[in-house]
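Before any comments, here is the structure.
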Amino acid sequence: MIVTAPEAGQRLDRFLRAHLPQHSRAYLQKLIAQGLVRVGGQAAKTSYRVRVHDTITVTIPPPTPLAARPQAIRLDVLYEDDDLIVLNKPAGMVVHPAAGNREHTLVNALLHHCRGKLAGIGGVERPGIVHRLDKGTSGCLVVAKTDAAHRDLVQQFKTRAVTKIYRAICRGKFPRPAGRVETLIGRSTHRRQKMSAQVRRGR
């Protein structure tokens, strides 16, 4: 990349972000810190202000494999392209490996299903989980396969551009056939593995 007159004076990380939009700014800053970004053949700092005719080269290392191992677990794929995959997660499946659930998770299944198709998110070869469903909950889950898709999906969920609808099966006797409940939901103070209605704390 060669710096043009209108680009002169920009910080190096901002210049790279404009030319490599598929990568996050944090990841590009990481490459600079590792000496993988060179200006005129010399390593530069993130705060370097680019100059007209500067020649900038970037070395993108291959993604680091995730610690979790791929497992051949059947997935109910609703939609898939080069950037994302939409799944119907079954009840009983944990989304992310954690203490007590290191294997047979959705991430293990995705690593096998998307093998060779993950471009790397933040420099790590992994599926981008942007939202989760509890182990006992089934439903639609959107997963990013690239850094750019991950960043855009996170923004959409953050700004609530995505509408989420939940359906629950209830049992028992109810005083009315229909109604509306508005309250806060948070971690149960009696059973930490469950969520409950809250008076002061919650979402």
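The values are calculated or read from the model by the stated rules, or taken from the named source; none is laboratory data. Predicted, not measured: the structure shown is a model, and the values here were computed from it. No Cβ is skipped: glycine too gets one built from the backbone with ideal geometry, and neighbour counts run over all protein chains shown. The accessibility values were calculated without ligands, DNA or RNA, using every heavy atom of the protein model including side chains. Shrake-Rupley method; radii C 1.70, N 1.55, O 1.52, S 1.80 Å.
Summary of values
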| item | result |
| --- | --- |
| Given (1) touching a helix residue (DSSP H, G or I) at 6+ places or on another chain (Cβ under 6 Å); (2) surrounded by fewer than 18 Cβ atoms within 10 Å (Cβ to Cβ); (3) among the hydroxyl-bearing types (S, T, Y), index of the condition T55 fails | (1) |
| Subset of region 21-33 [at pLDDT 90 or above and open to solvent by 30 Å² or more (accessible area, probe 1.4 Å)] | Q29, A33 |
| Wholly enclosed strands (runs of 3 or more DSSP E) of region 113-203 bearing at least 3 residues of a type outside the set (G, A, S) and closer than 19 Å to A91 by Cβ | 139-144 |
| Residue among T137, T183, T163 that is within 24 Å of the chain's Cα centre (by Cα), open to solvent by less than 80 Å² (accessible area, probe 1.4 Å) and without any contact (Cβ under 8 Å) to a residue 60 or more places away in the chain | T137 |
| Of the criteria (1) in a loop (DSSP other than H, G, I, E, B); (2) in contact with a strand residue (DSSP E or B) (Cβ under 6 Å, 6 or more places away or on another chain); (3) within 17 Å of A144 (Cα to Cα), which one G35 fails | (3) |
| Answer residue from region 75-99, given it is in contact with a helix residue (DSSP H, G or I) (Cβ under 8 Å, 6 or more places away or on another chain) and part of a loop (DSSP other than H, G, I, E, B) and is surrounded by the fewest Cβ atoms within 10 Å (Cβ to Cβ) among those | H96 |
| Leading residue by the ranking (modelled with the lowest pLDDT) among those in region 128-146 that are small (G, A, S) and out of contact with any His (no Cβ under 9 Å at 6 or more places or on another chain) | G136 |
| Within region 147-195, tally of residues that are touching a strand residue (DSSP E or B) at 6+ places or on another chain (Cβ under 7 Å), polar (S, T, N, Q) and modelled with pLDDT of 85 or more | 1 |
| Options R14, R51; residue that is modelled with pLDDT of 90 or more and assigned to a helix (DSSP H, G or I) | R14 |
| Test for L66: is it farther than 21 Å from V162 by Cβ and surrounded by 16 or more Cβ atoms within 10 Å (Cβ to Cβ) | yes |
